[in-house]
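Report on one structure; see the data block that follows.
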Amino acid sequence: MITIPHNLLLLGAGGFIGSHLAERLLSTTDSQVVGVDLCSAKVEHLIGHERFTFLEMDVSDALAVRRLVQKSDAVVSLVALCNPSMYNTIPIDVIEANFNRPYELVRTCAEEKKWLIHFSTSEVYGRTVSSLGVKGRGMSSYELSEDASPLIMGPVHAQRWSYACAKQLLERAIYAYGHEKGLAYTVVRPFNFVGPRMDYIPGIDGEGIPRVLACFIDALMFGKPLCLVDGGHSKRCFTYIDDAIDAMMCILQRPESAKGQVFNIGHPANEVSIAQLADMMIRLYRELRPEARWDAIETRVVPSSEFYGQGYEDSDRRVPDTTKTRELLGWEPKTDLVDALRASMAAYIEHYSTEQVCRAAG
Ligand code: UGA
């Protein structure tokens, strides 16, 4: 058994990351896990476990959250609106959910003297220096380091940055509470985690535009074009969820190394452009579903103003520097992109291969 804080509070336990973290905590530790979320669909299989309590509750109930914080040894905060299609369409909700509400939690953890492990985002880095026309010095100018890289956002009317800005300000509030009030904190910056249970398929178990993995799976399964926003030139380092959860376990096992730190959790060697990602997923889909119709599969370039609406801008490239996670946590990502995509896609296909899905996919 792995030794970590005994009483853990997971706010946002019902989401993609929360559900995988809860699963791992229950299978490899003897900790008590209290999970809070509005929906239990992704943790249904854990409900009934003797060390798991799931509370269907809104985290904006500050008093109820405070009571739960008081009973815990560490608080993992995963609640967010983290879907780019929302950033330029409902920015007030995005700022509310990613700054105002979690700010209250920061204060509570400081007052109650509890360790806060907060999930921020790799999106706080914004754009690369070279996207602004500044000449780089090779790879090192792209690698984003937690304690050294600048955080570069677009203008206010480019509302895409509402999210990154809210997340950045919250990180600054956490840092300030650590500095002035002694808050014990750890900030995690995820780099495009992928895996089973990520997001949803529009029209089946969610509405709107999910993130790229689910968009492409939806397109492949339902015979729609895979949309390459503004040509699909932006690049991401996709990180498999099991590796990400390994990193979380290292954080929980090494509080003395993890407290007071910001960590990139990402796989630098898994970098691809979105156009390359589409090609890889098409190839893998052929391997996983050789019986599917192929004439329907195509990619299509779509302007971002059409796909997401006005005010969308993109992070052009974000590669994590993993020196700190390696040195302080002893963590390195292991899963290459093909394996990560194959496992994720197989899980989606299995989950969504209902009669309705098969009919639509032909
Ligand atoms: C999002 C969130 O903003 C981050 O907070 C979060 O950390 C991150 O996902 C993540 O999953 O870790 P982003 O990388 O922009 O950031 O997420 P996606 O919606 O998956 O988009 C990735 C890229 O694919 C973008 O360039 C987007 O324009 C493109 N895309 C998306 C397409 O070309 N086609 C699609 O159908 C969907």
May I ask you to evaluate 6.51 cos²θ - 1.76 cosθ + 1.60, the Karplus curve with θ = phi - 60°, for each residue of the range 184-196 and list the ³J(HN,Hα) values in order in whole Hz, giving x for glycine and proline?
-> 7, 9, 9, 10, 10, 10, x, 10, 6, 5, 10, x, x
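Which whole-number value in Å² is the accessible area per residue of the range 253-362, probe 1.4 Å? Can you show the working numbers first?
Numbers: 5510 Å² over 110 residues.
Result: 50 Å² per residue.
Compute the normalised compactness of the range 80-361: alpha-carbon radius of gyration over 2.2 N^0.38 Å, N being the residue count.
1.03
Can you give the extra length, in nm with one decimal, that the chain gains between Leu328 and Ala269 once fully stretched, where that is 0.36 nm per residue apart less the Cα-Cα distance?
Working: separation 59, 0.36 × 59 = 21.24 nm, distance 2.01 nm.
Once the chain is fully extended between Leu328 and Ala269, it gains 19.2 nm.
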Once every DSSP H run of n ≥ 4 in the chain is given -39500 (n - 2.57) and the sum is divided by its residues, what mean residue ellipticity at 222 nm do you get, rounded to the nearest 500 deg cm²/dmol?
-> -11000 deg cm²/dmol
Descending accessible area (1.4 Å probe), largest on the left, turns Cys215, Cys39 into Cys39, Cys215
Long-range HN-HN contacts of Phe263 with modeled amide H, under 5 Å = Val187, Val188, Arg189
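Tell me, what is the percent relative contact order of the range 224-362, built from C-alpha pairs under 8 Å that lie six or more residues apart? Each step should come with its number before you reach the end.
Details: 160 pairs, mean separation 58.0, N = 139.
Relative contact order comes out at 42 percent.
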Gaussian network model of the chain, Cα springs within a sub-10 Å range: biggest mean-square fluctuation belongs to which of Thr53, Thr28, Thr335?
-> Thr28
Whole-Hz couplings from phi, Karplus 6.51/-1.76/1.60, listed for the range 254-267; x for Gly and Pro = 10, x, 5, 7, 8, 5, x, 10, 10, 10, 6, 10, x, 10
Amide hydrogen neighbours beyond the local backbone of Leu228, cut-off 5 Å, H modeled = Arg300, Val301, Val302
Simple label model, 7 Å out from Cα along Cβ direction - Asp295 to Arg342, nm = 3.0 nm
When Rg is the radius of gyration of the Cα atoms in the range 91-138 and Rh is its Kirkwood radius, what does Rg/Rh come to?
-> 1.21
Whose amide H sits under 5 Å from the amide H of Leu144, counting only residues 5 or more places off or on another chain, with H placed in the peptide plane?
-> Val319, Asp321
Counting only DSSP loop positions in the range 58-144, the trypsin sites (Lys or Arg not before Pro) whose Cβ has at most 14 other Cβ atoms within 10 Å are Lys71, Lys113, Lys135
Could you give me the ³J(HN,Hα) list for the range 83-91, computed from phi with Karplus coefficients 6.51, -1.76, 1.60 and θ = phi - 60°, whole Hz, x at Gly and Pro?
-> 10, x, 5, 8, 4, 9, 9, 10, x
Reach of Lys235 by Cα under 28 Å, taken over lysines that are not fewer than 8 positions away in the same chain = Lys135, Lys167, Lys224, Lys324, Lys334
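Please give the direction-averaged projected area of the C-alpha convex hull for the range 230-319, in square nanometres with one decimal. Kindly include the intermediate steps, with their values, before the conclusion.
On the way: hull surface 34.5 nm².
So the Cα hull casts an average projection of 8.6 nm².
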Probe 1.4 Å, all chains present, heavy atoms only: Asp205 accessible area in Å², nearest 10, is 80 Å²
Give me the number: length gained by fully extending Met57 to Arg254, i.e. 0.36 nm times residue separation minus the C-alpha to C-alpha distance, one decimal in nm.
-> 67.9 nm
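Output the relative contact order of the chain, whole-number percent, from Cα pairs under 8 angstrom with separation of 6+ residues. Kindly include the intermediate steps, with their values, before the conclusion.
Values: 676 pairs, mean separation 67.1, N = 362.
Dividing the mean separation by the residue count of the chain yields 19 percent.
The values are calculated or read from the model by the stated rules, or taken from the named source; none is laboratory data. Given the structure is predicted, the values throughout are model-derived calculations rather than measurements. Ideal geometry is used to build each Cβ from the backbone, glycine not excepted, and the neighbour counts take in all protein chains shown. Protein only, heavy atoms only, side chains kept; ligands, DNA and RNA dropped before computing areas. Shrake-Rupley method; radii C 1.70, N 1.55, O 1.52, S 1.80 Å.
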